[in-house]
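Have a look at the structure below, then the notes.
The values are calculated or read from the model by the stated rules, or taken from the named source; none is laboratory data. Since we're looking at a predicted model, the values are computed, not measured. Please note: Cβ atoms are built from the backbone with ideal geometry, for glycine as well, and neighbour counts cover all protein chains shown.
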Amino acid sequence: MKKPTFRQLLVEFIGTFLLAFGVGVSIAMHGFTIPTILVAGLILGTVVYTIGPVSGAHINPAVTISLYSIRKITGRQAILYVIAQLFGGFCAMLLLSALVGSTGLVPVDSLQSAIGEIIGTFVLVWGVCSVVFGKVEAAASGLTIGTSLSIGIIIALSGSFGVLNPAVALGIGSISIVYILAPIIGGIIAAQLYRWIIK
């Protein structure tokens, strides 16, 4: 694969910014409730439809690293995508701080929250892989991935806040070891298992 273009990195930045900012505003207004789950799924689905053809619409370091683990993208592409995504999350954090202050979502580093994030991200990346491997029609890609995120969040709420995205965790001011590593672990497991099952 060629190295990512500026346009690809820009849309990864924009998509991640929109997701992190939208989730942060929803949390600030309602707390982490059903509206936030819907906001996250709708934003992700919209981003997949609008920028998916440009960059693949990862907008999540866990998704990018998971797809790299099954060689769907190159190492260089993965690194630059993750940088763009984290920058998008950082910019969302700055704007959220200026407009609404803290979201008040304090991360909980525990085994229970780690398991929640792992399983939730597994569901998200499982849906992503169904699109990447061509098992879902392009017209349904945004619906599939957006729904996978919402379902993953609902499942993850059993043990965590269901962030499922290190860049969003940064954006909403809820960064922690669990919110960084657990989504990556869950995503890699899902990608590897999905590839093995499909093959």
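So for the stretch 148-162 (the condition being over 28 Å from Ser102 (Cβ atoms) and in a loop (DSSP other than H, G, I, E, B)), does at least one residue qualify? No, because not a single residue in the stretch 148-162 is over 28 Å from Ser102 (Cβ atoms) and in a loop (DSSP other than H, G, I, E, B).
Scanning the stretch 52-72 for residues that are surrounded by fewer than 21 Cβ atoms within 10 Å (Cβ to Cβ) and in contact (Cβ under 8 Å) with a residue 40 or more places away in the chain turns up Gly52, Val54, Ser69, Ile70, Lys72. Taking the stretch 148-165 as the range and being of a type in the set (Val, Ile, Thr) and more than 19 Å from Ile59 (Cα to Cα) as the test, the residues that pass are Ile154, Ile155. Tyr49: at pLDDT 95 or above, closer than 18 Å to Ile185 by Cα and of a type in the set (Phe, Trp, Tyr), yes or no? Considered against the rule, which asks whether it is at pLDDT 95 or above, closer than 18 Å to Ile185 by Cα and of a type in the set (Phe, Trp, Tyr), Tyr49 comes out as no.
Considering every residue within the stretch 136-152, establish whether at least one is in contact with a helix residue (DSSP H, G or I) (Cβ under 7 Å, 6 or more places away or on another chain), without any contact (Cβ under 8 Å) to a residue 24 or more places away in the chain and among the hydrophobic types (A, V, I, L, M, F, W, C). For the stretch 136-152, residues in contact with a helix residue (DSSP H, G or I) (Cβ under 7 Å, 6 or more places away or on another chain), without any contact (Cβ under 8 Å) to a residue 24 or more places away in the chain and among the hydrophobic types (A, V, I, L, M, F, W, C): present. Filtering the stretch 15-36 to residues that are farther than 17 Å from Ile145 by Cβ and in a helix (DSSP H, G or I) leaves Phe17, Phe21, Gly24, Val25, Ser26, Ile27, Ala28, Met29, His30, Ile34, Pro35, Thr36. Between Gly134, Gly187, Gly142, the distinction of being small (Gly, Ala, Ser), modelled with pLDDT of 95 or more and under 20 Å from Val54 (Cα atoms) belongs to Gly142 only.
For the stretch 100-122, residues that are buried (at least 17 other Cβ atoms within 10 Å of the Cβ) and at pLDDT below 75 total 3. A single member of Thr36, Thr46, Thr5, Thr50 is in contact with a His (Cβ under 8 Å, 6 or more places away or on another chain) and more than 19 Å from Phe90 (Cβ to Cβ), and it is Thr36. Name the residue that is farthest from Lys72 (Cα to Cα), counting only residues in the stretch 106-126 that are more than 12 Å from the chain's Cα centre (by Cα), in contact (Cβ under 8 Å) with a residue 24 or more places away in the chain and part of a helix (DSSP H, G or I). My answer is Gln112.
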